[in-house]
């Protein structure tokens, strides 16, 4: 009942949003967009939207607004996966298929609670377990996923590289590497070896740093050896949402590479994406550093190719655009430099770190357009709100974590005056005089334009997507797609070889001290999806999980004198939030956990805006906090 069904425009006299016609809303947008210089504008697309919407959005940013400032929520989740895997393998996507998890002898899960966040993948893993596979889970929490593990390594947040380097040290020193694979298909092995064989990565020292039994580490190492060439690694946001997220991903790629577990069935590095179309949104070029198909914006030849294909004189090139954290930081601290923001399906007031700073960014934004299906905590700041459509109301495609491009079909009409998201983007372009570059009539038209400039999708058509879809790369219409990457070579790398390197363990941006003695990690639940703007409107889901909680170990609860379900104040250097504690042995002593979906108890009021220097992904998964009794 609270779906957006008509455009809303902020009334200049009252400052409140009121219903408007499409023509009025588009006129207000066009007049304001034309006022700003390209560098004063930014666009945020959405991984909840289909490939067609994301392609349209990044084209709009570059052709109509002439701005390089285009990004989407992969920045907050799996940008480190893209950057990390690309640095090692030449491609930033998962190497294998979900079905490989059912035939692996060992599934090594690190930083992923897939039983809650990716239940379909969890079913594949359990199928493998029924077939005799072993499961290792590395996670500070004893999650539903960890409860199904044969071995749970409950390490401290932010110690993943220490753990992985330790395992590589033992494997190398015991000559368990795949020598032929390393010699013929890698570069940089000696640098990696010199780094990980340092004494500080011994099993004994790593056990102290990570806070786990040495026996557990040795068990994991032995299983990696026993199950060589049939081990699959699975990771998610517990690996990526760190200031060392890119290096975490590279380290996973390194250990699989030296074991020869790349390019084979039942192996690989399998990244479970944060939303339904994170992979596709990246593929479409909704990023500040690449066009569609990962053509680099800093490559003059790529910029020329894109401009010629679109039929424009030029596209923004030669410099990287702003990432989402940089957009929000600029709006907060330098609103004279960034003045206009166009958001598609994103709710940063809930989903981004340091919520108070995000609110200030929204307040400082001179002209804000939000396109969504519901009013959100972010859209309430908007000058114009545009009613889009959900997946059930449109035809389109999405690309999942195994690179599988899937087609979905319209099942219902969008309510009221709501329109398809790519259609709205086209309407704005037409209003601004750029209609000749946006001539699509159907979603298939958008897809066909995209695939002709995106090599990975070149051979994919709507007709070929009947059934189970196709895994890219699919370079020709005769191709049936690619289930496993890097079988013969690492095509995107110099000499076709994987690039190994030395990576040292580094502490998180914040470390615990006497003032803030506890680690906080945040995450999702099985009931809700990102900011809760959709799932909290489902009565049953909201009934099952009505609000947030703070997990605390029995030992820590006793230290603070808390009883179960007591409301306490969680605070950090950035802010505080009141939340009920849940005393449970499932969380490691010294560590707290809080879900992030809830406006009335926002975990992101206390999280850190520090981000990975390569991917610019914020460190949601670890910050220093304290807790206290709720003041009367």
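The values are calculated or read from the model by the stated rules, or taken from the named source; none is laboratory data. In this text, all values refer to a predicted model and were calculated from it rather than measured experimentally. Here the Cβ positions follow ideal geometry from the backbone for every residue, glycine too, while neighbour counts run over all protein chains shown.
Residue 577: in a strand (DSSP E or B) and in contact with a helix residue (DSSP H, G or I) (Cβ under 6 Å, 6 or more places away or on another chain), yes or no? Against the criterion (in a strand (DSSP E or B) and in contact with a helix residue (DSSP H, G or I) (Cβ under 6 Å, 6 or more places away or on another chain)), residue 577 qualifies. Given the structure, is residue 16 more than 23 Å from the chain's Cα centre (by Cα) and assigned by TED's automatic domain parsing to the domain that holds residue 329? Yes: the conditions hold for residue 16. Between 399, 378, the distinction of being over 30 Å from residue 15 (Cα atoms) and modelled with pLDDT of 95 or more belongs to 399 only.
Assess whether residue 42 counts as being assigned to a strand (DSSP E or B) and assigned by TED's automatic domain parsing to the domain that holds residue 304. Spell out how you get there, then give the answer.
Numbers: assigned to a strand (DSSP E or B): yes; assigned by TED's automatic domain parsing to the domain that holds residue 304: yes.
For residue 42, the condition - assigned to a strand (DSSP E or B) and assigned by TED's automatic domain parsing to the domain that holds residue 304 - is met.
Residues considered: 7, 19. Of these, the only one that is farther than 21 Å from residue 430 by Cβ, surrounded by 12 or more Cβ atoms within 10 Å (Cβ to Cβ) and in contact (Cβ under 8 Å) with a residue 12 or more places away in the chain is 19. As a summary of the residue check, residue 314 satisfies the conditions (1) under 30 Å from residue 436 (Cβ atoms); (2) touching a helix residue (DSSP H, G or I) at 6+ places or on another chain (Cβ under 6 Å); (3) in contact (Cβ under 8 Å) with a residue 12 or more places away in the chain; (4) surrounded by fewer than 21 Cβ atoms within 10 Å (Cβ to Cβ) except for the one numbered (3). Across the stretch 532-544, a minimum of one residue is classified as under 21 Å from residue 352 (Cα atoms), surrounded by 14 or more Cβ atoms within 10 Å (Cβ to Cβ), touching a helix residue (DSSP H, G or I) at 6+ places or on another chain (Cβ under 6 Å) and not assigned by TED's automatic domain parsing to the domain that holds residue 346.
If I filter the stretch 618-626 for residues that are more than 27 Å from residue 542 (Cβ to Cβ), outside the structural domain of residue 145 (by TED's automatic domain parsing), within 19 Å of the chain's Cα centre (by Cα) and not in a strand (DSSP E or B), do I get at least one hit? Yes - at least one qualifying residue is present in the stretch 618-626. The lone criterion from (1) crowded, with 22+ Cβ neighbours inside 10 Å; (2) touching a helix residue (DSSP H, G or I) at 6+ places or on another chain (Cβ under 8 Å) left unmet by residue 178 is number (1).
Flag: residue 96 matches the condition of being closer than 22 Å to residue 223 by Cβ and in contact (Cβ under 8 Å) with a residue 60 or more places away in the chain. Here residue 495 meets each of (1) within 24 Å of residue 188 (Cα to Cα); (2) part of a loop (DSSP other than H, G, I, E, B) with one exception, condition (2). Checked against (1) surrounded by fewer than 17 Cβ atoms within 10 Å (Cβ to Cβ); (2) under 24 Å from the mean Cα position of the chain (by Cα); (3) not in a loop (DSSP other than H, G, I, E, B), residue 445 passes all but condition (2). Checked across the stretch 298-310, the condition of being under 27 Å from residue 394 (Cβ atoms), touching a residue at least 40 places away in the same chain (Cβ under 8 Å) and surrounded by fewer than 22 Cβ atoms within 10 Å (Cβ to Cβ) holds for at least one residue.
The residues listed here are 25, 79, 61; of these, the one that is buried (at least 22 other Cβ atoms within 10 Å of the Cβ), out of contact with any helix residue (DSSP H, G or I) (no Cβ under 6 Å at 6 or more places or on another chain) and more than 17 Å from residue 288 (Cα to Cα) is 25. Of the helices (runs of 4 or more DSSP H) entirely within the stretch 333-438, none holds at least 1 residues that are within 30 Å of residue 100 (Cβ to Cβ). Return yes or no: is residue 121 in contact (Cβ under 8 Å) with a residue 60 or more places away in the chain and either buried (at least 21 other Cβ atoms within 10 Å of the Cβ) or under 22 Å from the mean Cα position of the chain (by Cα) (or both)? Criteria met by residue 121.
Only a single item in (1) surrounded by fewer than 20 Cβ atoms within 10 Å (Cβ to Cβ); (2) closer than 24 Å to residue 148 by Cβ; (3) touching a strand residue (DSSP E or B) at 6+ places or on another chain (Cβ under 7 Å); (4) at pLDDT below 95 is not met by residue 523, and it is number (1).
Of everything in the stretch 586-614 that is in contact with a helix residue (DSSP H, G or I) (Cβ under 6 Å, 6 or more places away or on another chain) and assigned to a loop (DSSP other than H, G, I, E, B), the residue that is surrounded by the most Cβ atoms within 10 Å (Cβ to Cβ) is 612. Annotation note: of 197, 206, the sole residue that is assigned by TED's automatic domain parsing to the domain that holds residue 138, buried (at least 24 other Cβ atoms within 10 Å of the Cβ) and more than 28 Å from the chain's Cα centre (by Cα) is 206.
Mind checking which residues of the stretch 330-348 are surrounded by 19 or more Cβ atoms within 10 Å (Cβ to Cβ) and in contact (Cβ under 8 Å) with a residue 60 or more places away in the chain? Of everything in the stretch 330-348, those that are surrounded by 19 or more Cβ atoms within 10 Å (Cβ to Cβ) and in contact (Cβ under 8 Å) with a residue 60 or more places away in the chain turn out to be 338, 339, 340, 341, 342, 343, 344, 345, 346, 347, 348.
Take the conditions more than 14 Å from residue 52 (Cα to Cα) and touching a helix residue (DSSP H, G or I) at 6+ places or on another chain (Cβ under 7 Å) and apply them to residue 414. Does it pass? Show your work before the answer.
Details: more than 14 Å from residue 52 (Cα to Cα): yes; touching a helix residue (DSSP H, G or I) at 6+ places or on another chain (Cβ under 7 Å): yes.
Criteria met by residue 414.
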